[in-house]
Every structure is written in structure tokens, then in C-alpha cells.
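The values are calculated or read from the model by the stated rules, or taken from the named source; none is laboratory data. Keep in mind it's a predicted model, so treat the numbers as computed, not measured. All Cβ positions, even for glycine, are placed from backbone atoms using ideal geometry, and neighbour counts span all protein chains on display.
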């Protein structure tokens, strides 16, 4: 059975392509995947591979020819098979002959349905068919209409739908909205196509990328982050705090844990505890900027950035100023676990729920970053890794001291640079003078 | 032709001659002094007063039209003003003796008649009745304007009310007698016995006869005066009115107190011109209008010409003619000779008559000469007459100022209530009977032979096994119509039915068979074969308060009553400001087999006219239910029937046609067959061919067609059709009307708009060819056939495998036919 290679249609507006090179000549044996010819549009170049194995029986065009899209270019098949039927232009002649035969037979005296005389042009489609195609996510390229004059009507779209695997309603909706293609085999029940199986596959070329729909979570984050940068005057101050006290406390905790002490107070817990203490002294940083007013919180609700599989979550620890460091540590652990399990109370995730946020990237080795504020909060503290830094130990002696990096992003609409600096310095002071009993 | 009347050939063939009696011309010759016995001094002065009111009213309008002001009050009136200055004596003389119960109808030139009859009625009403009329009319809206700060008598208040109401109506104010929807040519006020004036020349010529018919049949007091012009005597509808009014049957066949002529006077105001055409000497041949009476009946319509320049001559004539009316010797023809000073309208420069002629008539001016004769007879003095003028001029200025004051006389606020006029097009009431009394019938309904016969019929077409009963046994469509009509005859005493062959024959299509036995002559009778008078009289009958079923046999005869169906029947409810109701059910039968002038479906023509309800049922169940609704309503309904299906049984309604009373609301199409692949919407008997097509589609092409019967054209609820199209995506609209300009296209257009996104193909119209209807044997080339539906689907909607079209529905052919106009 002869196989016809047509000139693919590369995009809606492309009407013809130019063959730039033939990689095979008439009579050549070709294997599936062999390069047949290269061609180009006014915008890009492409290559056409053989989809079947066989002998290249005939080439209808030569290098340099401009070929209308969807026109037969060459034929692959068994030696001796006739190819003239596929020669471009031949098919039309045949249809006209058919009509003449009918007229000569005199079965109808009127001119009846005549595809030539009445052609409504390719692409004509009934509103009903169009709507169905959109609803079902059916791509109309290449569909031949069976209505009068070749109009695509409902039954044509239905035929395409029936030839595809079953698709879930969500997948249909998304495919329709975003012009995506269902995979030929889905991952759902009985091979049905689910939303995640949708891709922007080009049916002629293989796909070198994958488009995935944003999860709702991702959409929310994207929106919140983008809005944050759009709608506030953010800048970041960086400052280091001597971490020796903190590291010593951490060693004590570990030791106590080994002896059965129940609370594993981490460096992050300590930083957060220090932040709460600093916030008590800088209520202007424990606030929401509301455009024409500022909302100052009497209590401290500390937002903690938590990295989860589903994306970044920032739950709030309500009334953090009432907690001891042990209490804070426990709550932070629990709330992070809830986030990772997806069991978190959504109300705590709202950016309005927290009065200030801490985002710690120190354990990933980040040395410096500019965290993005969760509006309407006026500030966020980025916590970096601990690095040794030279320090004047007095008397002309210098030594390397571990320093923890602190990056405070604040909304300049609400806070001035001096205030922000003093607040950041206060956090450092709290860290350096941290004390708690085990 | 009733059997009781024997046409004896030996008598009919006898030799002889037709003789005529002399027709009196201007025979009145009394002087004022001689009339003193008949009139008091006040009476004489009142006649003078009323004429002056008309003269000043028309003078005012003429000045407004030609100079833009009256007595220093500027106003622009863009609308019409056909004035009657010069004709005052004719109008006042006509109205002087009329009672409040006497009705006048008029023409486009009837301001004078409105005022004359109104003033006459005010004079005759007692103060309490007059006040009640003014207070209740539009809840006192008109009265409130003229009553404010006025301290005169009730009758003086009545005069203000009359002048203001008429003027405000002419100026299209909502405080006018017809809410400003009638205007100069249609203003009227029924509580004073002033019935519609008519902008169509001769329009009142048949409508007034219907009013007289109403008075006679319903035993109402008073008579009817049709004020028409000398030029209208050439109009067909006027002749038809004369013929209808003078039918022998009133004296020969109507029984008991119904025996006798109609109480109607054709009062021809002969001002000697029809627009610019001079009726005597140029455009007519009668010489004097009164001559026509001799050609109408042996009584010569008691015709005479009266000098309409002398009010006493006209009053004298009316006193004599009233006597004849009371003796049931109507109809009467009076020619009142008069002359109009102004042109046809203010834009008419009177180029068709000489200045000398106008001056000669003005020299004999009816008001001046009547005033002089009063002074000469010492009935009054010039000073008194002058004070009449001064008084009237003052009230005119005052009423003009009120009527053009936008605050007290606003126009309809169509910005605030844009649908206000739309809400007035139909009255949409549900009324069992137009009057509460016992209907006159010949026997109890249960004893009627037709009723008994129908009770034995099969009310569903098929037996339990689905086999059809014989045609004779089936309850047919004609039985459904009969059922509804006979029921209403026993409910509504005012209901009458007439038309061609309505009585003994039982209607050409046997719908009324049995009614003759049930009803006395005056409730069911044969009319002349003159459709204008059939419909025109029905309009007059209904606007006076009766319910009526006129029948014009073939749809093709609609053209014969074109003005009545297009201009009168649909318009009067809204044009009256909803004062009038129009409970007329016009039966129209669509023919077949009878060629080009007896087989046309003209539903589209009437559906085009705002103000008509249009239905076309084709099943017995629908026919009975829709006829019941038509007869329960108060709006004009054109009720189409099809001669193809008068004998069809009920094939759709489960349980058959119910025995009791039920109504089918207008406007609701009905799904006769459910389907999912294509919708076919039909008007009329085409339904049955669509159902055959649906069968072919199912058996040959595996397509299931949903067939919907429109049943109504106006009103029409698209929701059901749109729901069907949402399901099928495809629709054919079909009917037997020639397709160009037909209502089928209206349906298709609206469906396209309402269901565009659901359509899989444009709606396809399958109507008749734009030809003459050929002979029955060739009809299959003309009317939609079952195969045409398949062809249309194949060509326009979805190509059907293996189908070869018989009809050419291709685009090219569509263009070719349109180019050729066929």
C-alpha cells in the first residue's frame, strides 16, 4: 500500500513551503525515521522524516519548488505500485469527471451538490461544530468537513472525538481553553486522558518541551509574588550577627536531647525567637501597610516560610510573643508538618494572618538573598547560612568568627532606612545575646 | 338562498319596468319666523353658538398651520389638519336632534362633527350624568386640566372639556380623548356618541353599518349616522356598506321584533370636492349624490338632497328621517350640500377652483346668513351675536394655551416608558360574554342535531391497535371549530356570525352545519359576497361592544377587504387609546386544488400588520382550543383554516379531543413528533407533509426529525423552537406560502439570531415557489412536498449518502431564481 507524504501545514497562516533539500532520491530505500527532505517557511526551516519503510517511488517536486501545504510531495511504497493517482492536480480532475458522468446520465437535471461550484472554502465551520470542538478540545486542523461545500459540521467534530481516547471533563475544558492536545494514551482509568496528560504536542514533529498547567497553588504563589513586587517599595538590607552564642546553645540542646530532653531547639527556632524579641521593641515592623493607613499589631503573629512538595507555604504562628522558645520550637515543628501533610488550616496561610515573616535558607547554604514580602506585611527576614568571618578580637588580634547572615526586606512605604537598620541590628543583638534555660 | 323563498320563473320572466320616485332636492323653504314654533330663542342662539365654535376652532387651526400662531399664541403643529370651515351648518344641523345614544362616525374632515355632536350631547345630558362621564373618563385626566380654577356651570365645563379634549388629541397629547394616539383624523369620544373618524376615505361607510347592526341585534337605543364625503361614494367599501345595509333579509327573513331595516343614515357631507377633484362635473357621474339612493333599493334609501347651508333645513330633514328610522325603514341616504372654504389641507392652494367661486359661497356664509335671519326675525340682536363670538374666541385661546402647555398636557413619555404604545396594541382580556343576558337560541344545545352527531364520533383518529377509524367516524377538524363556536353562541348573547353561505348551506366547508337549526336569523346569516362589508361591519359591531365571527371563505379574498383587515381591524384598539375593544374572530380558509386565486396562504400578509393575532391550527384539538381562546379574548384574531384538513382526525393529542371546554394559549408552538437530528417547524397543513418527510428521514437515512407545529404566528413564543434547535442544531421552516417575503423567513431570521451558536447549518426555508398556484394536478411542483425536505437537508444542511435531489436547493439556483424574480 503506497504511502503519501504531504507537505505539512506549519501554522495557521502558512499556505506553502519551499523544499530546500532532498535527502533521498527516487528509487531509494527508506527506513522509518530517515530524513526525506528539508523545507522552509518564511519564518523557519523544518525537516520531514519518513513515517514508513519502503521505496521512494516518486518525487512530485524538486529542490527549490514552492509547494502548497497539504499537497502530496512524494510517495513511499512497494516497487511497481502506481503513483499517478497521487500526483497533485490529478484528484481534482477525477472529481470533475464524476460530476460530468452524473450529468450525462441525466439522473438529475439540476446541478445538485457540486463540490467545485459550491465550495465554501476550507475552514468553513458551523457555529455548532465550532462550539463543540472548543468544548471538547478538538483541534480542527486537517479535519475535512462533510457538510455542504465542505463545511465542518457537528458530525465531523464528533467523529474526531470518537477516534480519540476518552477524556476527563477537566481535561476537555483545559484542552479547549488552552489549545492543548490530549496524549494518545492517557493515564486515567481505562487509558482516559486526564488534565496532566495534555501537551502542546505538534503532531508532525516530536515534542522537545512539555507544557503543564499551573497548579492552583502555583498560580496563587505566582500572583502573590508578582503583586508584591508590583505594589510595594521593597529593598533589602544585609547584616551579619555573631553566631557563637547561638552555636553554643545549639550544642547544649543537642547534648540535652541525647539525655532525653524532649525539645529539639534548632538554630532557626533561635533566630525566630530573637526576631520575636526584636519585634517587641520595633512595633512599626510588626505591622501591615494598608495604603492609606498602617495596622499595628499588639500581638506578634510570626509567618514561617515552609518549603513543601507542593510549593512554598507561609503559615502563621499566632501569638508567638506568648511562647517560650520551647513552645515556639514545638509549634514551628508541628505547623511545618501540617503544611507538608497538607493538613494546615488555610486561614493560617493567608498573608494577612501573619504580622511578620521569617524565611530561612541558611541550611541550603545560601549566603545572601532578597526575600519577597508577603503583602500587606511590611517586612520579611531572610536568614542565611553561617559563614566564618574575620573579626577584630581586640588588641590587634583578628580571628575567624562564625557569622549568620540576616537579610531584611522591608517596604519603604512603611519604614524608613534608619528604622529598618535599627530593627535589623536589634535582631542581631538579640541573636548574639540569646539566653534560655533547658 | 333560503328554501322558503321561491323564485318563480313565470314571475321573474314577466315583462315590466322599474320605476323611480322623484328624489327631493333642497325642498325646505321655511323661514325663521315660521320655525319659531319648533325652536325657542335659546335654541336658535344655541345653533348659532355651536356653528361659531366650529368656525373658530377651524380658524384657529388654520392660523396655526399657516402663520404659526393664534391670537398671539405661537405653536407649531406638524400633524394633519383637514378643516371644515364653511360646513358648520351641515354639522350642527346633523347633530342637533341626535340623542346621546345616537352614534356618529366620520371622516378625516370631522372636527366640526365631533364638536357639533359633543355640544349636542352636553346639552341633552343632565348635569349629574355629564359630570360622571367627565370624571370617569381616563380617571378624570382630561377633566382635571379644564376644571382647574374654573367656576362656571357643568355644561360650560363640558364645553371646555370637549374643545380641550379634541384639541389635545389633535396635538398628540396624552390628555387628549384618545391619549394622543388618534390625532386629528381619528379623534372621537364615545361617551358623547362620537365614534371613530377615519383617515381612509369611505372608511366609515361599512363600519357604521356594523354599528347599526349592533344596535339592532342587541336592541340598543339610538341610530347611527355615517358622515362620509361626496367623493367617498366611489369607494367600494361604501357601496358594500350600502348593499349590506339594504339587504332584503332584514325585512323578509328576520323574525319578530328583528324584522325591519337597519337604523343607519348615510349622511354625505357634499362639500363638492374630493381633494382637488370636483365630484359633480369631473370625477363622478351622479350629478347629485342623492340620486344613488334610487339604485340601492326600492325605497330609494329615502334619499334627498338638503341645503346644508341652512342649519334649520338639515334639522328638519333629521326630524323627518328619525321618524323613518323609528319605523324601521332604514337605511337612509342624506346628501347635505355644503362647501369648504379652506383647501383639502393647509398645503392645498385650491388651484382647482376659482377665487370667485369661493367668494360666492362665502357671500352666502351659513353663519352670517343665519345670524342675520335671527336678527331680522328679532330673535336676537347683533350685540348678542357679537358677544357669542367674543366668548368663544376667549375660550379658544384659553384651551389652546392649556393644550400646548407641556406640563398640564404632556405627550406620552416614551423615554420613560418606551413600551407604552406596545402595551396598547392588544387588550389581552379574557371575557366569557360581552354582555350579561340570556342568549337567543332555538333549542337547548344538547338537542342540536350536529351536537348529537359529534357526540358519537371517535375523538382520536386511531383505535387501540393504532388503526385509523373511518373518516366519517372521526371527530374532524371542522367539528373542533364548530364545537368552540356553538359553545360560545350559548354563552355570549352578543355573538353573531355571518359571511357567505353561512346559514342554510352551513358554510362552504360545512363548519356551521347544525348552527342554522340552533340560531335565529339575526345571529347567523348570509351576507352579500362583499368581503369589505363583511369585515367592515364586524369592526363596527365589535367597537360598539359585541363579539362577532365574520367569515370570508377563501384566504385569497383577503385582498377584497384589504383596508378593513390592514387599516381598521388592527388599529382601533391602540388608536382609541384603548377605549375600544375589538373582539372579532375573522375566519379565513386556505384553499387547495382551485388554482391561482383560490389556493393561497396569505398568513404572512396579516402577520405583517401590527395589531392582529394570527393563528393557523391544523388538528381538531388545536382548532377547538385556539378557537375557544380566540372567542374568549377581546382582540382581533385572524383564524386561518386549511381546506386540505377539514376532515382530518386528531392524531396527536393523547385521549383525543376533550369533550369539555378548554383553551390553548396563543403563541405556543407544539411538538407533534419528537426527534434529535433535525427540527422541522411548520405553519399550517404543511405539517402533515413534514411528518411524511420525517418518516422518510428515519427509514431511509436513519435521521430522527423533530416536527413542531407553529399553530400561532402572532404572538409566537420562540423558546420551544430554540430549545429544539439547541438539541438538533438544524432546522427547516416550512409552510405553503410562497416563500419570498413570507413569515417563514421571519421565523428563520429570529431562530438564526436566537440560536446562532447552536446551529450546524443556516435555517432553511422550504416554502412554495414564487409562482401562481397551478392546477391541482401540477401542485406538487409548487407546494412543499415530503421529498423537498430531504432535498433541502441534503443540499443545505448535511449531504445524505446516495440521495439524488429532485428539487434544486443549491446556492446557485437560489441566486438565479432571485435574479429572475421567480
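So which of B:397, B:375, B:408 is modelled with pLDDT of 95 or more, farther than 16 Å from residue B:41 by Cα and assigned to a helix (DSSP H, G or I)?
B:397
Yes/no per residue for (1) farther than 23 Å from residue A:403 by Cα; (2) surrounded by fewer than 17 Cβ atoms within 10 Å (Cβ to Cβ); (3) out of contact with any helix residue (DSSP H, G or I) (no Cβ under 8 Å at 6 or more places or on another chain); (4) modelled with pLDDT under 90:
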{"position": "A:351", "(1), (2), (3), (4)": "yes, no, no, yes"}
{"position": "A:358", "(1), (2), (3), (4)": "no, no, no, no"}
{"position": "A:373", "(1), (2), (3), (4)": "yes, no, no, no"}
{"position": "A:377", "(1), (2), (3), (4)": "yes, no, yes, no"}
{"position": "A:383", "(1), (2), (3), (4)": "no, no, no, no"}
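In the range A:269-298, which residues are in contact with a helix residue (DSSP H, G or I) (Cβ under 7 Å, 6 or more places away or on another chain) and within 16 Å of residue A:376 (Cα to Cα)?
Listed by number, the residues that qualify are A:284, A:285, A:286, A:296.
Tell me which residues, restricted to the range B:752-769, are in contact with a strand residue (DSSP E or B) (Cβ under 6 Å, 6 or more places away or on another chain) and within 14 Å of chain A (Cβ to nearest Cβ).
B:763, B:764
Quick one: what pairs do we get from the range B:639-658, first residue more than 26 Å from residue B:549 (Cα to Cα), second not in a loop (DSSP other than H, G, I, E, B), C-beta under 6 Å, 6+ apart or different chains?
Matching pairs, first to second residue: B:652/B:672; B:653/B:621.
From the list B:68, B:106, B:79, B:72, which one is in contact with a strand residue (DSSP E or B) (Cβ under 7 Å, 6 or more places away or on another chain), exposed (fewer than 14 other Cβ atoms within 10 Å of the Cβ) and either modelled with pLDDT under 95 or assigned by TED's automatic domain parsing to the domain that holds residue B:220 (or both)?
Of B:68, B:106, B:79, B:72, the one residue that is in contact with a strand residue (DSSP E or B) (Cβ under 7 Å, 6 or more places away or on another chain), exposed (fewer than 14 other Cβ atoms within 10 Å of the Cβ) and either modelled with pLDDT under 95 or assigned by TED's automatic domain parsing to the domain that holds residue B:220 (or both) is B:68.
Are any of the residues in the range B:708-715 out of contact with any helix residue (DSSP H, G or I) (no Cβ under 9 Å at 6 or more places or on another chain) and away from chain A (no Cβ under 14 Å)?
yes
If you take the residues in the range B:171-192 that are outside any loop (DSSP other than H, G, I, E, B) and in contact with a helix residue (DSSP H, G or I) (Cβ under 7 Å, 6 or more places away or on another chain), which one is nearest to residue B:80 (Cα to Cα)?
Selected residue: B:189.
Residues B:513, B:547: which one is at pLDDT 95 or above and either over 19 Å from residue B:240 (Cα atoms) or under 16 Å from the mean Cα position of the chain (by Cα) (or both)?
The conditions single out B:547.
If we scan the range B:498-520, do we find a residue that is in a strand (DSSP E or B), buried (at least 21 other Cβ atoms within 10 Å of the Cβ) and touching a residue at least 24 places away in the same chain (Cβ under 8 Å)?
yes
Taking residue A:286 as the residue in question, decide whether it is farther than 26 Å from residue A:217 by Cα, exposed (fewer than 15 other Cβ atoms within 10 Å of the Cβ) and either out of contact with any strand residue (DSSP E or B) (no Cβ under 7 Å at 6 or more places or on another chain) or modelled with pLDDT of 90 or more (or both).
Judged against the criteria, residue A:286 is not a match.
Given the condition farther than 30 Å from residue B:371 by Cα and without any contact (Cβ under 8 Å) to a residue 60 or more places away in the chain, answer yes or no: does some residue in the range B:223-231 qualify?
Looking for residues that are farther than 30 Å from residue B:371 by Cα and without any contact (Cβ under 8 Å) to a residue 60 or more places away in the chain, one finds at least one in the range B:223-231, hence yes.
Scan the range B:794-822 residue by residue and report those that are out of contact with any strand residue (DSSP E or B) (no Cβ under 9 Å at 6 or more places or on another chain), within 8 Å of another protein chain (Cβ to nearest Cβ) and not in a loop (DSSP other than H, G, I, E, B).
Selection gives B:794, B:811, B:812, B:813.
Select, from B:304, B:326, the only residue that is buried (at least 23 other Cβ atoms within 10 Å of the Cβ) and more than 30 Å from residue B:81 (Cβ to Cβ).
Unique residue meeting the criteria: B:304.
Is there a residue being assigned to a helix (DSSP H, G or I), touching a strand residue (DSSP E or B) at 6+ places or on another chain (Cβ under 8 Å), touching a residue at least 12 places away in the same chain (Cβ under 8 Å) and buried (at least 24 other Cβ atoms within 10 Å of the Cβ) anywhere in the range B:242-251?
yes
With the requirement that a residue be more than 7 Å from chain B (Cβ to nearest Cβ) and either in contact with a helix residue (DSSP H, G or I) (Cβ under 8 Å, 6 or more places away or on another chain) or buried (at least 21 other Cβ atoms within 10 Å of the Cβ) (or both), what does the range A:123-138 give you?
Answer for the range A:123-138, where residues must be more than 7 Å from chain B (Cβ to nearest Cβ) and either in contact with a helix residue (DSSP H, G or I) (Cβ under 8 Å, 6 or more places away or on another chain) or buried (at least 21 other Cβ atoms within 10 Å of the Cβ) (or both): A:124, A:125, A:132, A:133, A:134, A:135, A:136, A:137, A:138.
Go through the residues of the range A:68-81 one by one and say whether even a single one is at pLDDT 85 or above, crowded, with 18+ Cβ neighbours inside 10 Å, touching a helix residue (DSSP H, G or I) at 6+ places or on another chain (Cβ under 6 Å) and closer than 13 Å to residue A:24 by Cα.
yes
Which of the residues belonging to the range A:306-327 are in contact with a strand residue (DSSP E or B) (Cβ under 7 Å, 6 or more places away or on another chain) and within 18 Å of residue A:427 (Cα to Cα)?
Hit for the range A:306-327 is A:320, nothing else.
Just to be sure I understand, how many residues within the range B:454-468 are part of a loop (DSSP other than H, G, I, E, B) and under 23 Å from residue B:514 (Cα atoms)?
5
Within the group B:318, B:309, which residue is part of a loop (DSSP other than H, G, I, E, B) and either assigned by TED's automatic domain parsing to the domain that holds residue B:241 or in contact with a strand residue (DSSP E or B) (Cβ under 7 Å, 6 or more places away or on another chain) (or both)?
The unique qualifying residue is B:309.
When you go through (1) within 25 Å of the chain's Cα centre (by Cα); (2) farther than 23 Å from residue B:686 by Cα; (3) in a loop (DSSP other than H, G, I, E, B) one by one for residue B:662, which number turns out not to apply?
(1)
Anything in the range A:389-424 that is in a strand (DSSP E or B) and under 30 Å from residue A:377 (Cα atoms)? List them, or say none.
Of everything in the range A:389-424, those that are in a strand (DSSP E or B) and under 30 Å from residue A:377 (Cα atoms) turn out to be A:403, A:404, A:405, A:406, A:407, A:408, A:409, A:410, A:411.
Restricting attention to the range B:730-751, and to residues there that are buried (at least 23 other Cβ atoms within 10 Å of the Cβ) and part of a helix (DSSP H, G or I), which single residue is farthest from the other protein chains (Cβ to nearest Cβ)?
Top of the filtered list is B:743.
Could you list, in sequence order, all residues of the range B:778-793 that are part of a loop (DSSP other than H, G, I, E, B) and either at the interface with chain A (Cβ under 7 Å from one of its Cβ atoms) or without any contact (Cβ under 8 Å) to a residue 40 or more places away in the chain (or both)?
B:782, the sole residue that qualifies.
When you look at residue B:525, is it in contact with a helix residue (DSSP H, G or I) (Cβ under 9 Å, 6 or more places away or on another chain) and part of a strand (DSSP E or B), yes or no?
yes
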